[in-house]
Amino acid sequence: MTVELSTKYACFIPLCPLVASCSTGSLLFLSPKTTRSLRRPCAAVNISLLAAAMFVSFSLFWQQSATQSIQQYLWIRVSKSDFCLNIGLSIDPLTLAMSILVSTVGFLVMVYSDSYMCHDQGYARFYAYLNLFIASMLGLVLSPNLIQIYIFWELVGMCSYLLIGFWFTRSSAANACQKAFVTNRIGDFGLLLGVLGVYWITGSFEIFELCDRFFDLSSNNAINPIFANIVALLLFLGPVAKSAQFPLHIWLPDAMEGPTPISALIHAATMVAAGIFLIARIFNFISLLPLTMSAISWVGGITTLLGATLALYQKDLKKGLAYSTMSQLGYMVLAPGIGASQSALFHLITHAYSKALSFLGSGSVIHAMEKVVGYSPTRSQNMFLMGGLRKYMPYTGTTFLLGTLSLCGIPPLSCFWSKDQIIAESWLRSPYLGLLTSITAGLTAFYTFRIYLLTFEGDFRANQKNHIDLSTFAFVPPKKITTLWSRAKSNSCPIKIDNIIHTTDMQGGWVLELENRAIQSLPRKEKSQNEETIQSYPSRNKLYPQESNFCMLLPMIILTIPTIFIGLKGVNPSLNLDSLDLLFDWLIHFPFISKDTKYIENLIDILKSSVPSLSLSLVGVLISTKAYSQAKKFTDTKPVEELELISQIFLKDFAVFLRNWSTNRGYIDYYYDIYFKQGILSLSRLVLYFDQWIIDGFINGAGASSFFAGESLRREKNGRISHHLLGLLIGIVLVVYSVIYVFLV
């Protein structure tokens, strides 16, 4: 039995976490010592208020499922002459579905954070930031106009800055939050110009009103199509930065410097979801502009493939998941570009729960690894120091595997249904986009399962006597697995491959056999360092990870439920695919599996149509298993050896290229550093030179001239009355002479 609530109570959805954040922040400011001593009660209040917001969201959603109406509650009306702005809340299927997503993921992240951050000195501050972040996102999804959306959009960006740089004493975290903030300012400036352009065209900031007005103007050919496309692309620039689309994606991997619960929230339900939500919100506006739709689809397609290739050889657990998010966001941006905005929202929801599960699982792993290898992110997040964790952390391993299989697109898990729907729509709209999304599906399965295998399968490598960093492995399908020995010349230069060294697979784990000729070819300094590393690496302790406590495991176990079942709603045959309320219809139809034969028929049709993409995903999983599992058996027949030799010759260079490409982030940061950073610095020096020598030079020259002129006059005028009288007499004589000369002539 559900509690009946008036839709006017929707204001409590963003208000509850906002009150919790403000109260905790005020207490920290007024009495920091007392607040730190009462940090657990503060956390309980924060979690309880967010739970109240989640309860209101669910109650309103089920109530509105009966009416399926759209309501707006406006409290403040700003009007002046012909300008009018209403401030309030918009209650419709999309906003309620998004509020459920944000509040549920946020609630589970908060429960998880109680244990993950319990030893941190900024525990109370973390909860204040976290609730403000969630309140900003909830305010954004409930906003009825573009001005209100923009205000909360900036609040989301500010909160991300605070949370990414939460450990600001660490230079990498401080640099990461500044990078994210500056990159998002580029997109936000474009969004602001787009909002002003929309008002110039339609005369309104109200979303429903401006879409209707633009449709009427477009039907009557009363607007300039070039200007309209420019405005739409400026609006799209905001989601490009916020949702980490190419080329403004560079902040996303660095955002992993924040605490892992924040990574889960940013990558699942808040910051990156804001861009996809805005595209869906103004879809009726941009759908009338084919040029803009094409640009959106190709930006999403490029981002999808780029994120997948950059994730192939990452050694950092969280950065591998970050690039996975980037690739999946590309799917969500591509879908509206081809007219499938509801498929994008479908994938947004299914991916959010799967990715939140994966990130919380990674946090559980990192939390356990820190007690073994130390608290340095370069060690505790290094997948090549892990391995075999499923034996020590069975619950984390099982839940992480479910999230991995979902992201790989394996049925019946949730991401399979949404991703396959986007791939099918892509093939219908463009064969190039269809091919791109299908290839990416195979790559996604490869690198996602690679993350799982390196982390949870095999033997634990951090305690192995002869282990060195295996981040240099690149898969080539011969009998031996080839590693790529990389050396970074400097922090700003890309890493290049210097030598190739072979490894063999032993029962004790990965053991690196440095061949004598390979060692001799290295410089003397590198040779001694490598020998010292092999002899002294972490044989000094034999600690092993332990399973996380119940407070961290419970949110992961709960997240497995939507990860497994929520995608099955997409099989419902009663849904009207042409309806703009498809997402709402998809969420309210129960039960998941109907006795109607149409449901089974629709399920069979979907599975048949998904055979090509599912085959690519399974191939990716098999290749990943072949490359990174520790039980490899090759036959010794001649044909197989010849095939392996051919593969080694033709694929080695390609594997080296992919290794360099992934390690150096596609060289994009490198070229940004050369052309943008260095270009701006050079321009700044030129402006400084112009200011010092031209502007200041002119002013200083005028001052110096006045000074020297005054000095010369001072020396000539010594103050004697006789000299003044002589000068006066000479002047009078000259004046009289001039007058007489004029009159006589």
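The values are calculated or read from the model by the stated rules, or taken from the named source; none is laboratory data. This structure is a prediction, so every number in the text was calculated from the model and none was measured. Neighbour counts are summed over all protein chains in view; Cβ atoms, including those assigned to glycine, are modelled from backbone coordinates with ideal geometry. Heads up: the accessible areas ignore ligands, DNA and RNA and are worked out on the full protein's heavy atoms, side chains in. Shrake-Rupley method; radii C 1.70, N 1.55, O 1.52, S 1.80 Å.
Just to verify a number: what accessible area does Val733 come out at with the full protein assembly present, 1.4 Å probe, Å² rounded to tens?
Spelled out: Val733, probe radius 1.4 Å, area about 80 Å².
With a 10 Å radius around each residue's Cβ, average the other Cβ atoms per peptide and rank 557-568, 36-47, highest first.
Output ranking for 557-568, 36-47: 557-568, 36-47.
Can you tell me, using C-alpha contacts under 8 Å and at least 6 residues apart, the relative contact order of region 164-268 as a whole percent?
Relative contact order for region 164-268 comes out at 41 percent.
Rounded to the nearest 10 Å², what accessible area does Ile730 have for a 1.4 Å probe in the complete protein model?
Taking all protein chains as shown, Ile730 has close to 90 Å².
Which of the pairs Lys371/Lys569; Lys8/Lys569; Lys179/Lys355; Lys319/Lys677; Lys179/Lys315; Lys315/Lys371 have their Cα atoms more than 31 Å apart in this structure?
From Lys371/Lys569; Lys8/Lys569; Lys179/Lys355; Lys319/Lys677; Lys179/Lys315; Lys315/Lys371, over 31 Å: Lys371/Lys569.
Would you work out what percent of the accessible area of region 215-265, with all protein chains in place, is carbon or sulfur (probe 1.4 Å)?
After summing per-atom areas, the C and S share lands at 66 percent.
What FRET efficiency comes out for the pair Tyr671/Leu729, r = Cβ-Cβ distance, R0 = 51 Å, nearest 0.05?
0.05
With a 10 Å radius around each residue's Cβ, average the other Cβ atoms per peptide and rank 160-168, 178-186, highest first.
Going by the mean number of other Cβ atoms within 10 Å, highest first, we get 160-168, 178-186.
Calculate the spin-label point distance for Tyr392 paired with Leu435, positioning each point 7 Å from the Cα along the beta-carbon direction, and give it in nanometres.
Inter-label distance under the simple model: 4.6 nm.
Could you give me the ³J(HN,Hα) list for region 666-676, computed from phi with Karplus coefficients 6.51, -1.76, 1.60 and θ = phi - 60°, whole Hz, x at Gly and Pro?
Once θ is set to phi - 60°, the couplings for region 666-676 become x, 6, 5, 4, 5, 6, 4, 5, 6, 8, 9 Hz.
May I ask which residue of Gln178, Leu193, Leu235 lies farthest towards the positive end of the charge dipole of region 164-294, with charges of +1 (Lys, Arg) and -1 (Asp, Glu) on Cβ and the Cα centre as origin?
About the Cα centre, the residue reaching furthest to the positive side is Gln178.
Keeping every protein chain in place, order Trp153, Trp693, Trp427 by accessible area at 1.4 Å, biggest value first, i.e. largest first.
I get Trp693, Trp427, Trp153, largest accessible area first.
Testing the spin-label approximation: label points 7 Å from Cα along Cα→Cβ at Lys608 and Asn220. State their distance in nm.
A separation of 4.9 nm, rounded to one decimal place.
May I ask you to give the average projected area over all directions of the convex hull of the Cα atoms of region 113-172, in nm² rounded to one decimal?
4.7 nm²
Can you give me the solvent accessible area of His724 with a 1.4 Å probe, rounded to the nearest 10 Å²?
90 Å²
So which chymotrypsin sites (Phe, Trp or Tyr not before Pro) in region 346-417 pass both tests, a DSSP loop state and at most 12 other Cβ atoms within 10 Å of the Cβ?
Passing sites in region 346-417 are Tyr375.
Using a Förster distance of 45 angstrom, determine the FRET efficiency expected from the C-beta separation of Gln121 and Leu683, and round it to 0.05.
That pair, Gln121 with Leu683, gives E of 0.60.
At 7 Å along Cα-to-Cβ for each site, give me the label-to-label distance between Phe654 and Ile694 in nm.
Here the modelled spin labels are 5.4 nm apart.
What FRET efficiency comes out for Ser59 versus Leu554 if R0 is 25 angstrom and r is the Cβ-Cβ distance? Round to the nearest 0.05.
0.60
Ranked from the most accessible area to the least, with a 1.4 Å probe and all protein chains present, what is the order of Val299, Val141, Val687?
I get Val687, Val299, Val141, largest accessible area first.
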